[in-house]
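**Q** Can you keep this structure in mind? I'll have questions shortly.
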Amino acid sequence: MDLLYYIRVVLKRKWLIIAVAIISGVIAWYFMRNEPKSYKSVSQISTGFTISDEIRVSENFSLYDADVKFNNAIATFNSPIVINLLSYTLILHDLENPNPFRPPTLEKRKLPIYQAVNQEQARKDFSDKLETVTMLSSFNPDEKKLLEFLAVYGYDYKALTKALNITRLQGTDYIEVEFLSENPELSAFVVNTVYQQFLRYYNITRNRKSQEGVDTLRSLMEKKKLELDAKNSLLRGEAPVGAAADTRKLADLANLDRALTDEKARQVNLYSNLRKVNQRLANMGVDAQTTGQPAVTQPSDNTNSEVLILRKAKDQAYLDYVNSGSTDKNLLAKYNQLNKEYQNKVVNSNPTLAKADPATGKIEDPATKKADLLQQKSDLDFDIQESVKYIDSVQLRINVLRGNANQDASREVAVETLIKDADQANKDYLEAKKRYNDAIDITSSSLNNFRQILLGQPAITPEPSKKLLIVGMAAVGSAITAILIILVLAYLDSSVKTPRLFERTVNLKLISMINFMNLKQKSLNELVTSLDTTYDPKDKQRHNVFRESLRKLRYEIEKSGRKTFLFTSTKKGQGKTTIIQALAYSMSMSKKKILIIDTNFCNNDLTVALEAPPILEKIVPNDRNDESLAEQIKNLSKDIGVDTVFVIGSEGGDYTPSEILPRKHLLQHLKSLANDYDYIFLEGPPLNDFSDSRELAQYVDGVIAIFSADQIIKQIDKESLEFFHDLNGKFSGSILNKVDLEMVNVS
């Protein structure tokens, strides 16, 4: 797994990480060795915020208000004005007291700012600022010098707030004040003095705030009083309508409605009678719509005028009677009298009516009958006109009364609204007046709930030193940093350090893994053929793994059934020469006869390492028989000392096999030589730089690629890897060389 790989990367460099941690710890200890002792004093202050003594314009309150109050108090403690008042007190103490808390050292006395300040004038200025509760301004050059003078003593705002810690004790009503300094008496003085200066400033701001609250409440009360007076004045101008007047108007409206109904019924009867008269006249051949009628005695104009006057008087009397509520008997008698006179006048104005038969009411004479019908028609028309006028007058009266009733109802609703507004304004005024009176009482009492329940005392013993903690944190922090750097570098490292990374990156068959061995002290032949006599367990394990890896590689080659192999790589320095020698020595132990041919003309390290005769370019096989070729090779090759491994070297140069070898060269007869040798190994130059290996691949049965574990696969390597994929079955596998055993699982 990749996680295990990164763990092994870290474990491999554990001594480097430990060394970095130790060095960091030593450096931290060196800088902390002269750390001065610190003394802490503590003071506790009861806030009393649960007592409702604050003047509030609004009565809204929540649990959140308590946290806000504590935050406000702590912010006031740490405010520049309070800290500056503390600074003035401290500097005055050191300037006036024979035993100052921080006597200036010789180096500080030599500072230009210390010498430029007149201490007598400085005491006076600090005292004035302390008395008037004001701050020094950095815009004023003289006051700026005083601020710098405070910094010389370490009493400036930044230095004090760094050592001063003000917090709320959770779950309590207390504020805790802590101060840490090199002088226990200074620490106690600060925690006690900062409370006193806080109290001074708090009382000043509180009184100012209280006065502002009183003024606000008084203004609010006066505003409510003006609103109440305005509501009362408006209410006095809107008197409600009397109940008796309302009852009378409703009765009149009902009487008029009845009269209107009766008159409309009478008008319907008049229209019905008129239609009947018109029908009777039509039956007699008289056009009812024609004004010229047969001669009939008509009433005179005077008579008609009298009838009209009586009719109007009668109608007016009836209206007066209705308007009186139908209760006035005199108006009723007057109406009856006028109605009787009106009827008599109508009868007297038509003489033909007097000649009618009393029993039947009919006139026998047709002329008289026509005249009588015409007179009836005239009377009915007159009555209908008067009825229409009467109905219009009654309807007008009803509309007036209903309009007045709606108006009175609207005025009634408005009056009720004004009464409610006046009541609410009165309540608001009384509430504002009560809060104003309470504010006056609180201001007069001048309560202050802050109490110092724990007085700061000089510490007897210094605070525990944090030297060990800082040293430990420095060591741990540097170790963690080193681990992170190692992991980042490992993540960015694209080399094929393990078989898993090789398979994922190269995607070629891996037949063996050869671990790294130090060849400076022992020869390769001894490492392969002899047992390691060292007593170092790690070296012994590494040696055994190396021998076993070669045996696995030997088994893979024997299992392949091939006899001639070309060993090549993508770049130089991958270990081809070493692996060919070690594999040959390992096969000699299993009684195999090996022929090694150095075909790496560009870099004949194999020839140099084994001191082989450089004759490959000069060998011309004898065409007479194969036995003479085998005998020739045996005579020309060099036995490297194990009687089973022979080597043929090359002179080397800047040329390819096809350019330097004769037309009939040794490589063309490798199959015949395989009858005398069990295996024939060829070393080819790297593929990235030379084309030799591509030419040599045609003469062998299999090609083996060698990769170093510290190799980084680049784009040019990927192009060379395509050569191995295109060998059409000749590719026998890859060897991962120089593997670090600590990076892989080893059983």
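Rule-based calculations on the coordinates, nothing more; no lab input. Every value quoted in this text rests on a predicted model; they were computed, and no experiment measured them. All Cβ positions, even for glycine, are placed from backbone atoms using ideal geometry, and neighbour counts span all protein chains on display.
**Q** Under a straight-distance cross-link criterion of Cα-Cα below 22 Å, which lysines are reachable from Lys467, leaving out those fewer than 8 residues away in the same chain?
**A** Lys37, Lys40, Lys162
**Q** Hey, another quick one. When the chain is fully extended, how far beyond the present Cα-Cα distance does Ser219 get from Ala630, taking 0.36 nm per residue of separation?
**A** Values: separation 411, 0.36 × 411 = 147.96 nm, distance 12.72 nm.
Stretched fully, the Ser219-Ala630 segment lengthens by 135.2 nm.
**Q** Could you work out the per residue convex hull volume over the alpha carbons of region 566-707, in cubic angstrom?
**A** 97 Å³
**Q** So what's the gap between the Cα centers of region 4-43 and region 166-205, to the nearest angstrom?
**A** 36 Å
**Q** Could you give the nm distance between label points at Lys12 and Ser137, where each point is 7 Å from its Cα heading toward the beta carbon?
**A** Spacing of the two 7 Å Cα→Cβ label points: 7.0 nm.
**Q** Leaving out same-chain residues fewer than 8 places away, which lysines sit with a Cα under 16 Å from that of Lys69?
**A** Lys209
**Q** Pairs Lys312/Lys369; Lys559/Lys638; Lys522/Lys592; Lys572/Lys671; Lys329/Lys369: which exceed 32 Å Cα-Cα? Walk me through the numbers on the way to the answer.
**A** Working: Lys312/Lys369 29 Å; Lys559/Lys638 28 Å; Lys522/Lys592 24 Å; Lys572/Lys671 28 Å; Lys329/Lys369 41 Å.
Going by Cα-Cα distance, Lys329/Lys369 fall outside the 32 Å limit.
**Q** Moving on. For each pair in Lys552/Lys576; Lys110/Lys466; Lys540/Lys576, compute the distance between the two Cα atoms and list the pairs where it is over 28 Å. Walk me through the intermediate numbers first.
**A** Details: Lys552/Lys576 17 Å; Lys110/Lys466 33 Å; Lys540/Lys576 24 Å.
Distance filter (> 28 Å) returns Lys110/Lys466.
**Q** Test of understanding: extend the Cα→C-beta vector of Ala674 to 7 Å, then name every residue of region 575-615 with backbone N under 14 Å from that spot.
**A** Only 595 fall inside the zone, counting backbone N under 14 Å.
**Q** Something else now. With contacts defined as alpha carbon pairs under 8 Å and 6 or more residues apart, what's the relative contact order of region 596-725 in percent?
**A** Details: 157 pairs, mean separation 39.8, N = 130.
This gives 31 percent for region 596-725.
**Q** Principal axis lengths of region 458-525 from Cα atoms, whole Å, largest first?
**A** That gives 78, 35, 14 Å along the principal axes, largest extent first.
**Q** Ok, one more. Could you please state, rounded to a whole Å, how far the C-alpha centre of region 267-282 is from the C-alpha centre of region 75-102?
**A** 120 Å
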